[in-house]
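K.L.:
This is the structure, below, for whatever I ask next.
What follows is calculated from the coordinates using simple rules that are stated; it is not laboratory data. Note that the structure is predicted; figures quoted are calculated from it, not measured. Reconstructed Cβ throughout: ideal geometry from the backbone, glycine too, with neighbour counts over all protein chains shown.
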Amino acid sequence: MQSRLGILPYEMRPHNPVQVIPVAKAIIFLIPIAVFLWAFARYFSLSGTLTVHYDFRGESPMVSEFYPRGRALDREQNLRTAEVYQRIVGEPVYMDVDVPRSFDTVDVTMEYFNPDQSILEFGLVTSREPWAVALQPLENRVIDEALLTWNRTETNDGIVLLQREPLYSSVEEFLASPPEHHIATYQYVLAIDYHDPAYSAEDGGITIDRQLRGPHDFVTYIKDETLHIEFDIVDMNREFNVDDVRVAVYQGDTPVFDQLLPDDGITEATSVLSSRQTIIVDVPNLPEGAYRIDMTTTNDIVIEQIRSDQHKLVVVNHLYIMNNEEYRSVFPETATSPTALQFSGRKLTLQTDHPNGLQTVVIGEATVPIETVHSPHVWLSENTDWSVVETITLPVNDLILDAKGFFAFASDQFFDPNKNTEYINERTEIDELGSILYRNYTSPQTARTISTQSRTLTLDGVSGDRKHLTFVLSAPGLDRERFLLAVRDIQFVFTREPLVNRLRKRFFQ
């Protein structure tokens with residue numbers, strides 16, 4: 001029925017559904033565009049940040065698992081808790097992350113399970129040629145324990161001094177006149193230079209004919225001479241591993257030499273012995289002082305002989321001597337005569353993994369029976385004088401010797417470049433320390449058995465393409481037989497200046 005004006009009431013008018021169709025189409029059309037623009041802005045970090053998260057539950061297009069195989073196991077799931085994690089059984093291990101653009105910094109947060117490992121560090125491969133890695137601390141159990149009860153003093157620029165007994169009121173006072181007791185440092189170099197005024201270069205050099213297995217660190221001393229040392233090495237190929245060998249030389253923390261010898265191409269456990277190769281360190285015109293020589297590799301690598309123009313040469317902390325009938329099938333000409341060593345340290349751990357290595361070791365006037373395989377046997381010094389050098393006799397060799405100290409193969413080769421200081425490592429024992437100097441470290445947060453730690457890494461020093469980054473997890477001294485270090489979650493937050501700011505600077509300033 002029409003109104004007096006001839007207009008139908010609203011509810012009686014015919015509806016035209018065609019009018020809403022363009023709006024619906026527009027919404028349907030704009031939604032995927034908006035989603036695409038959001039994803040585009042996020043992926044290419046127009047805001048200046050990009051978050052990459054990996055929980056090990058599957059493969060990621062941007063993050064790899066830890067590798068190489070042999071040091072990192074396959075991903076596993078806890079059937080009770082449903083947690084997924086990756087166990088680390090050797091070190092270092094690597095993780096690749098691919099990002100669409102280069103960034104300036106990255107904040108890394110890692111969740112991990114670590115009941116026993118005393119030192120954990122995480123960082124970046126900053127250069128591949130020459131090889132260089134920048135590491136930041138994740139966990140340091142020595143410092144964590146000292147923080148519970150020791151006196152703490154800090155400078156304005158972040159140098160922290162921990163003292164068992166508060167003998168110094170400031171870090172500056174401590175550095176001006178360091179104490180005589182044992183000092184440990186971490187992420188900080190205490191400038192106590194070792195110099196031997198009685199030292200002079202000698203002709204002839206030295207030769208060490210013992211077979212040393214796996215990674216080893218050395219220290220030598222030079223004055224008015226070229227640093228020259230040669231290592232003859234072979235690869236036994238007994239383990240599934242990439243057996244690269246890297247030799248780096250440092251004066252303090254300053255690198256002066258770096259060389260990488262790639263794997264022989266055999267990564268399977270074939271027990272095929274490689275041909276002998278020689279790594280030659282030759283660096284002229286160095287100032288007088290002590291130089292550390294680090295050989296980083298796997299237990300498949302054997303140093304067959306060392307030749308050095310320098311007549312002072314010591315092995316640092318760890319020594320694995322073969323020269324036993326156990327290896328006769330691999331090295332038919334191996335010399336199995338007893339080995340005599342000079343050693344400075346207050347604690348020594350000895351272990352053999354073969355029945356042929358069972359023996360009674362003589363250390364000074366004491367004897368240490370090595371009666372079981374795969375078991376550490378401990379010798380403790382009764383002498384409180386750090387300067388005492390003991391003579392060790394290994395009747396049949398095939399021993400792994402771990403200590404906090406120095407070994408030499410002859411008395412005239414021995415010297416102690418550390419005096420009463422050491423850099424905190426996996427063998428450091430807090431009971432032997434009086435003071436600790438460190439910087440750039442905060443303890444991780446631990447809830448139940450899971451630790452969480454965050455670190456900020458700068459990417460400015462990374463050479464090459466900063467869109468493909470290789471991260472490093474280091475756990476020095478990780479016990480391969482126990483498999484206790486596991487990572488369950490890792491997050492990377494990359495940052496750079498937002499695009500709007502960069503455009504404003506480029507076109508309007």
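K.L.:
Here are the criteria: (1) in contact with a Ser or Thr (Cβ under 9 Å, 6 or more places away or on another chain); (2) without any contact (Cβ under 8 Å) to a residue 60 or more places away in the chain. Tell me which single one Ser275 does not satisfy.
P.N.:
(1)
K.L.:
Related question: Being in contact (Cβ under 8 Å) with a residue 12 or more places away in the chain, over 29 Å from Tyr438 (Cβ atoms) and more than 22 Å from the chain's Cα centre (by Cα), is that true of even one residue in region 125-146?
P.N.:
No: zero hits.
K.L.:
Could you list, in sequence order, all residues of region 350-376 that are surrounded by fewer than 17 Cβ atoms within 10 Å (Cβ to Cβ), in contact (Cβ under 8 Å) with a residue 12 or more places away in the chain and either basic (Lys, Arg) or farther than 22 Å from Glu325 by Cα (or both)?
P.N.:
Once the filter is applied, which keeps residues that are surrounded by fewer than 17 Cβ atoms within 10 Å (Cβ to Cβ), in contact (Cβ under 8 Å) with a residue 12 or more places away in the chain and either basic (Lys, Arg) or farther than 22 Å from Glu325 by Cα (or both), region 350-376 yields Gly364, Ala366.
K.L.:
Since Asn323 meets every condition but one in (1) under 27 Å from Pro376 (Cβ atoms); (2) not in a loop (DSSP other than H, G, I, E, B), which condition does it not meet?
P.N.:
Unmet for Asn323, out of (1) under 27 Å from Pro376 (Cβ atoms); (2) not in a loop (DSSP other than H, G, I, E, B): (2).
K.L.:
Here are Leu135, Leu148: which of them is aliphatic (A, V, I, L, M) and part of a strand (DSSP E or B)?
P.N.:
Leu135
K.L.:
Let me ask something else about it. Would you check if there is a residue in region 175-195 being in a helix (DSSP H, G or I), touching a strand residue (DSSP E or B) at 6+ places or on another chain (Cβ under 9 Å) and within 30 Å of Thr220 (Cβ to Cβ)? Quick ask: steps written out before the conclusion?
P.N.:
We begin by selecting, within region 175-195, every residue in a helix (DSSP H, G or I); these are 175-176.
The next check asks that each one be touching a strand residue (DSSP E or B) at 6+ places or on another chain (Cβ under 9 Å); those that pass are 175.
Imposing the further condition that a residue be within 30 Å of Thr220 (Cβ to Cβ) reduces the set to 175.
Yes, region 175-195 contains a residue that is in a helix (DSSP H, G or I), touching a strand residue (DSSP E or B) at 6+ places or on another chain (Cβ under 9 Å) and within 30 Å of Thr220 (Cβ to Cβ).
K.L.:
Same structure again: With out of contact with any Lys or Arg (no Cβ under 9 Å at 6 or more places or on another chain) and surrounded by fewer than 21 Cβ atoms within 10 Å (Cβ to Cβ) as the only criterion, which of Asp263, Asp232, Asp258 stands out? Spell out the reasoning first.
P.N.:
Values: Asp232 fails: out of contact with any Lys or Arg (no Cβ under 9 Å at 6 or more places or on another chain); Asp258 fails: out of contact with any Lys or Arg (no Cβ under 9 Å at 6 or more places or on another chain).
Of the residues listed, the single one that is out of contact with any Lys or Arg (no Cβ under 9 Å at 6 or more places or on another chain) and surrounded by fewer than 21 Cβ atoms within 10 Å (Cβ to Cβ) is Asp263.
K.L.:
Then there is this: Does Arg328 satisfy the criteria of being of a type in the set (D, E, K, R) and touching a Gly at 6+ places or on another chain (Cβ under 9 Å)? Steps first, please.
P.N.:
Values: of a type in the set (D, E, K, R): yes; touching a Gly at 6+ places or on another chain (Cβ under 9 Å): no.
No; evaluated as a whole, the condition is false for this residue.
K.L.:
Tell me which strands (runs of 3 or more DSSP E) are completely within region 409-473 and hold 3 or more residues being touching a residue at least 40 places away in the same chain (Cβ under 8 Å), or say none if there are none.
P.N.:
By residue number, 421-423, 435-438, 450-458.
K.L.:
Against the condition among the aliphatic types (A, V, I, L, M), surrounded by fewer than 19 Cβ atoms within 10 Å (Cβ to Cβ), touching a residue at least 12 places away in the same chain (Cβ under 8 Å) and in a loop (DSSP other than H, G, I, E, B), how does Ala335 come out, does it pass? Spell out how you get there, then give the answer.
P.N.:
Working: among the aliphatic types (A, V, I, L, M): yes; surrounded by fewer than 19 Cβ atoms within 10 Å (Cβ to Cβ): yes; touching a residue at least 12 places away in the same chain (Cβ under 8 Å): yes; in a loop (DSSP other than H, G, I, E, B): yes.
In short, yes.
K.L.:
For region 165-173, check the following and say yes or no: at least one residue is in contact (Cβ under 8 Å) with a residue 24 or more places away in the chain, within 28 Å of Val256 (Cβ to Cβ) and among the hydrophobic types (A, V, I, L, M, F, W, C).
P.N.:
no
K.L.:
Filtering region 276-307 down to residues that are under 24 Å from Asp263 (Cα atoms) and of a type in the set (Ser, Thr, Tyr), which residue is nearest to the chain's Cα centre (by Cα)?
P.N.:
Here is the first cut: in region 276-307, the residues under 24 Å from Asp263 (Cα atoms) are 276-282, 292-307.
Imposing the further condition that a residue be of a type in the set (Ser, Thr, Tyr) reduces the set to 278, 296-298.
Numbers: Thr278: 25, Thr296: 11, Thr297: 12, Thr298: 14 Å.
Ranking the candidates gives Thr296 first.
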